[in-house]
Every structure is written in structure tokens, then in C-alpha cells.
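S.K.: Have a look at this one before I ask anything.
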Amino acid sequence: MILEEQIAELLRARSLKLATAESCTGGLIADRITNLPGSSEYFMGGAVAYSYEAKVAVLGVTWETLNSVGAVSREVALQMARGARSIFNVEIAVSVSGIAGPGGGTPEKPVGTTWAGLSTPTGDWARHFVWTGDRRQNKLCSAEASLKFVLDYLEGKLS
């Protein structure tokens, strides 16, 4: 069973709702979730907030955070997830912000650097990744890792 099917089964069984906040993946996570029939039962929506301005206006990320640590950071991923959880009024929101490439990397944050955030009623978590593929591969890896993050939460694997 693919990740989104496992997530769907657990969300339905627990009557939980999910939302996404995506930057570098451009909606790939929401696309995968909504490829399943009946996903409107548990998926309330997603925001693709690519620019700093969109992250602030749509998801409530603060300019202070963006200017101090940048969009590709633990702090911004968490703010994005919390924002999505609030605006979509859901129990679970997953976010992702990263440098897909081929440009945009720095020595501190090379191409492929990605942060995923997860916000739930029982806590907030973030995960850091550095992918080594091309732009498309990095986006696909980020979407897959974000879905795995949701599944890990639903299976009780986060402390």
C-alpha cells in the first residue's frame, strides 16, 4: 500500500482532517493525497506559498523569522504547518520548504536542503533533509518524506 493510502486509512478510522503548506514541492503533496477517491473526507486543503510574501500573507509566517533564518529553516517549516492547521481548521498539517535547485544553494544551505514541519494537537515537529538529486528528484523526495512524516505521526512513531 502506498503512503497516501495508509494515511487515508488512518485518517478515516480516527475522523481526523489533514492540510498541507507547500513551498518547494509546489503542491505535489496535495496532489498525491487528492489522487485517491474520497480524499475530500479527510483532506481540507493546501496552500502553495512559494514567496516570502505568500508565506507571510497566507500562512502567518513572520517577517522576523524569514529575515533572521530564511525560508528554508526549522522555524519557518513549523510556522507554515501551524498556519495551515489554523486556516484549514484541521488536526494535522504538514509543511515543506526547501531548495530544489539547481541554483539557490549556499555553503550553509546547499541545493537539496529541505525542512518539513508537522503540527498536531499533541505537538509540533520538524525534520531536516539534504537531497542530492536534480530539481524534480528533490521535489519528489521532499513530497515522499513529508507524507512519511504524517504516517509516522499517525502510527505513533513521534515522541
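Any read-out appearing in this document is the output of simple, stated calculations on the displayed coordinates, not a laboratory observation. Keep in mind that this is a model prediction, so the values were computed, not measured. Reconstructed Cβ throughout: ideal geometry from the backbone, glycine too, with neighbour counts over all protein chains shown.
S.K.: May I have the count of lysine pairs in the chain with C-alpha atoms under 22 Å apart, counting pairs 8 or more residues apart or located on different chains?
M.R.: Qualifying lysine pairs in the chain: 8.
S.K.: Another one. For Val61, enumerate residues with amide H under 5 Å from its amide H, sequence gap 5+ or separate chain, H modeled in the peptide plane.
M.R.: Result for Val61 returns Val56.
S.K.: Right, something else. Taking 8 Å as the Cα distance limit and 6 or more residues as the minimum spacing, I'd like the relative contact order of the chain as a percentage. Let's see the in-between values first.
M.R.: Details: 317 pairs, mean separation 37.8, N = 159.
That works out to 24 percent.
S.K.: Using modelled amide H (1.01 Å from N, peptide plane; none on Pro or chain starts), what sits under 5 Å from the amide H of Val48, excluding residues fewer than 5 places away?
M.R.: Answer set, sorted by chain and number: Glu22.
S.K.: How much of the DSSP beta bridge set in the chain is antiparallel, as a percent to the nearest 5? Show your work: numbers first, answer last.
M.R.: Values: 14 of 24 bridges.
Bridges in the chain that DSSP calls antiparallel: roughly 60 percent.
S.K.: Another question, then. Suppose R0 equals 25 Å. What FRET efficiency, 1/(1 + (r/R0)^6) with r the Cβ-Cβ distance, do Glu144 and Glu9 give to the nearest 0.05?
M.R.: E between Glu144 and Glu9, to the nearest 0.05, is 0.90.
S.K.: Also, quick follow-up: Can you compute 3J(HN,Hα) from phi for each residue in the range 122-136, using the Karplus curve 6.51 cos²θ - 1.76 cosθ + 1.60 with θ = phi - 60°, rounded to whole Hz and x for Gly and Pro?
M.R.: These are the phi-based 3J(HN,Hα) values: 9, x, 10, 9, 9, 10, 10, 9, 10, 7, 10, x, 7, 3, 4 Hz.
S.K.: Which whole-Hz couplings ³J(HN,Hα) result when phi for each residue of the range 47-60 is put into the Karplus expression 6.51 cos²θ - 1.76 cosθ + 1.60, θ = phi - 60°, listed in order with x for Gly and Pro?
M.R.: 10, 9, 10, 7, 8, 4, 4, 5, 4, 6, 5, 8, 9, x
S.K.: To the nearest 0.05, what FRET efficiency results for Leu36 and Thr62 with a Förster distance of 35 Å applied to their C-beta separation?
M.R.: 0.55
S.K.: Based on the Kirkwood radius over alpha-carbon pairs, what is the Stokes-Einstein translational diffusion coefficient of the range 18-122 at 25 °C with 0.890 mPa s viscosity, in µm²/s?
M.R.: So the translational diffusion coefficient is about 179 µm²/s.
S.K.: Connecting C-alpha atoms closer than 10 Å in a GNM of the chain, tell me which of Gly103, Gly112, Gly133 has the biggest fluctuation.
M.R.: Gly103
S.K.: Provide the per-residue ³J(HN,Hα) series for the range 85-98, in order, calculated from phi with Karplus coefficients 6.51, -1.76, 1.60 and θ = phi - 60°, each as a whole number of Hz, with x at glycine and proline positions.
M.R.: Coupling constants for the range 85-98: 4, 6, 5, 9, 6, 10, 7, 10, 9, 10, 10, 8, 9, x Hz.
S.K.: Hey, can you grab everything whose amide H is under 5 Å from the amide H of Thr113? Only 5+ residues off in sequence or another chain; H modelled, so Pro and N-termini drop out.
M.R.: Ile99, Trp131
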